[in-house]
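The values are calculated or read from the model by the stated rules, or taken from the named source; none is laboratory data. Remember, it's a predicted structure, so these values are computed and weren't measured experimentally. Virtual Cβ from ideal backbone geometry, glycine too; neighbours counted across all protein chains shown. Accessible surface areas use protein heavy atoms only, side chains included; no ligands, DNA or RNA. Shrake-Rupley method; radii C 1.70, N 1.55, O 1.52, S 1.80 Å.
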Amino acid sequence: YEALSYVWGCQEPPRSLWLSGKNSGLLSIGPNLYDALERLRPVPGQEARTLWADQICINQTDLEERNAHVLMMGDIFKGARKVLIWLGQEVNTL
């Protein structure tokens, strides 16, 4: 897996992400994470990738689970094949 480090930033307006598999359904995520996932999406012909992002992989409504995962995040990032960093969309200042 590749671990994604990103700026949570403003969570408004929330965006919807469709999850498939065991926990399939719509998940509300922040716009910055949505932009990162959209940018990192494989193009046709490119191998699929497995990404770890805290807002998706940790149940944010379960305080006990969230606290436990915060303690493990160092190991999660150390165990990743690659760590990707997303600072946000490019801003054109011209």
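Of all helices (runs of 4 or more DSSP H) completely enclosed by the chain, which ones contain at least 1 residues that are basic (Lys, Arg)? Spell out how you get there, then give the answer.
Working: elements: 31-40, 54-57, 63-79.
Ranges flagged: 31-40, 63-79.
Taking the condition of being over 25 Å from Arg81 (Cβ atoms) and either at pLDDT below 90 or aromatic (Phe, Trp, Tyr) (or both), how many residues in the range 57-70 meet it? Break it down stepwise before answering.
Residues of the range 57-70 over 25 Å from Arg81 (Cβ atoms): 61-64, 67.
The next check asks that each one be either at pLDDT below 90 or aromatic (Phe, Trp, Tyr) (or both); those that pass are 61.
Total meeting the criteria: 1.
Please find, within the range 68-94, the residue that is farthest from Glu2 (Cα to Cα) out of those that are open to solvent by less than 80 Å² (accessible area, probe 1.4 Å) and more than 15 Å from the chain's Cα centre (by Cα). If you could, list the steps in order and put the result at the bottom.
First, pick out the residues of the range 68-94 that are open to solvent by less than 80 Å² (accessible area, probe 1.4 Å): 68-69, 73-74, 76-77, 79-80, 83-84, 86, 88.
Restricting the remaining residues to those that are more than 15 Å from the chain's Cα centre (by Cα) gives 68, 74, 79.
On the way: Ala68: 20, Gly74: 14, Gly79: 9 Å.
Selected residue: Ala68.
What number of residues in the range 1-56 are in contact with a helix residue (DSSP H, G or I) (Cβ under 8 Å, 6 or more places away or on another chain), at pLDDT 85 or above and hydrophobic (A, V, I, L, M, F, W, C)?
Within the range 1-56, residues that are in contact with a helix residue (DSSP H, G or I) (Cβ under 8 Å, 6 or more places away or on another chain), at pLDDT 85 or above and hydrophobic (A, V, I, L, M, F, W, C) number 10.
Those residues that are touching a residue at least 40 places away in the same chain (Cβ under 8 Å) and more than 10 Å from the chain's Cα centre (by Cα), I need them from the range 41-67; list them, please.
Result: Arg49, Thr50.
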